[in-house]
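Structure first, commentary second.
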Amino acid sequence: MSFDNKNIRALYRSPLILPFLWMRDAVRDLLPIIGVIGFFQLFVLQKPFPDLGEMLSGVLMLVLGLTFFVRGLEMGLFPLGESLAYALVRKGNLFWLLAFAFAMGFSTTVAEPALIAIAGKAAEVASVAKLIGPGEAEKMTYATHLRYVVAFSVGIALLFGALRIVRGWPVHYLIIGGYCVVTLLTPFAPAEIIGVAYDSGGVTTSTVTVPLTAALGVGLASTIHGRNPMVDGFGLIAFASLTPIVFVMGYGLFLFGIQG
């Protein structure tokens, strides 16, 4: 059998070969992280890896998990977000479009693994600092409330982001105005919440939220007449990073009072 270009392309599209190509991409993306860790462990600290077998098993699971996660986003969530945006615009009902944007922002953020991790860590630190009680119930309540505040803020961000695309408002004015609010709130917010608030803006733009948010923006801008997907379709992720800072600082003001 001769392997000309046509046969090679067919081989690369084979269901038996595709999973290995996907895994190759995941390994390539993880290699810089593995290389940095390995360099510092072996050449700077000059120590062997502890539990090498368990670590290699973990890396294998990480490669498999990243492979299936990325393919799932590309095959399922990203097209679904765009198709829903198309359908809602064609429906011509602004209320349902904005309701969908809010619900998608809220639901994806609540499920964000990075937010769950940082909310749990913030609850542990707050308990050590005696800002909340030492019991597991108090820590769980604090972490849950923090997650829901951040999720609500991202829902609001996508609502206003979708409205911006519909109305054609310039994104930079809204972002500048939002960060002016952040700057004004920071001196009054309790010191214990400021760092958590700023980090909350970063963790919302992670593995679950970003693909669906980008799909919503591009889908809306591609469907609405007079909108350019490159100009108007992006910017929602910036809103999703900004509003949690404002809302978490507001939550801190409500919970702990104004900084004295």
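The values are calculated or read from the model by the stated rules, or taken from the named source; none is laboratory data. Every value quoted in this text rests on a predicted model; they were computed, and no experiment measured them. Virtual Cβ from ideal backbone geometry, glycine too; neighbours counted across all protein chains shown. These area figures cover heavy atoms from the full protein model, side chains too; ligands, DNA and RNA do not enter into them. Shrake-Rupley method; radii C 1.70, N 1.55, O 1.52, S 1.80 Å.
Structural remarks
- The packing ranking of peptides 212-218, 224-230, highest mean first, is 212-218, 224-230, where packing means the average number of other beta carbon atoms within 10 angstrom of each residue.
- Sorting the segments 48-61, 157-170 by their residues' average number of neighbouring beta-carbon atoms within 10 angstrom, most packed first, yields 157-170, 48-61.
- Only Lys, Arg (+1) and Asp, Glu (-1) charged, at Cβ; region 102-173 dipole about Cα centre in debye: 240 debye
- Reciprocal of mean inverse Cα separation for region 41-131 (Kirkwood radius, Å): 17.7 Å
- From the coordinates shown, Kirkwood radius over Cα pairs in Å corresponds to which of (i) 20.6; (ii) 18.5; (iii) 21.1: (iii)
- Residue 183 accessible area, assembled protein chains, probe 1.4 Å, Å²: 90 Å²
- Dipole magnitude for region 114-260: about 300 debye, using +1 per Lys or Arg Cβ and -1 per Asp or Glu Cβ, origin at the Cα centre.
- Considering only 229, 67, 155, the residue lying farthest towards the positive end of the dipole of the chain is 229, judged by Cα position with unit charges set on Cβ.
- Restricting the calculation to Cα atoms, region 156-218 yields a radius of gyration followed by a Dmax of 13.9, 38 Å.
- Part-to-part distance (alpha-carbon centres) for region 179-213 and region 56-122, which is given in Å: 19 Å
- Helix screen, the chain: DSSP H segments with Cα axial length of 27 Å or more and mean Kyte-Doolittle hydropathy at least -1.0 are 18-39, 52-72, 136-167, 236-256.
- Portion, in percent, of the accessible area of the chain that falls on carbon or sulfur, probe 1.4 Å: 72 percent
- Gain in span if fully extended, residue 42 to residue 206, counting 0.36 nm per residue against the direct Cα distance: 56.0 nm
- Separation between Cα centres of region 234-255 and region 28-55, rounded to whole Å: 36 Å
- Summarising the label geometry, the points placed 7 Å from Cα in the beta-carbon direction at residue 68 and residue 31 lie 2.5 nm from one another.
- Normalised by residue count, region 64-108 yields a Cα convex hull volume of 51 Å³ per residue.
- Residue-normalised accessible area of the chain, expressed per residue, 1.4 Å probe, Å²: 57 Å²
- Compactness of region 86-231 - radius of gyration and Dmax, Cα, Å: 17.5, 56
- Ordering of 31-39, 246-254 by packing [mean C-beta count within 10 Å, highest first]: 246-254, 31-39
- When region 24-65 is reduced to its Cα atoms, the Kirkwood hydrodynamic radius in Å: 11.0 Å
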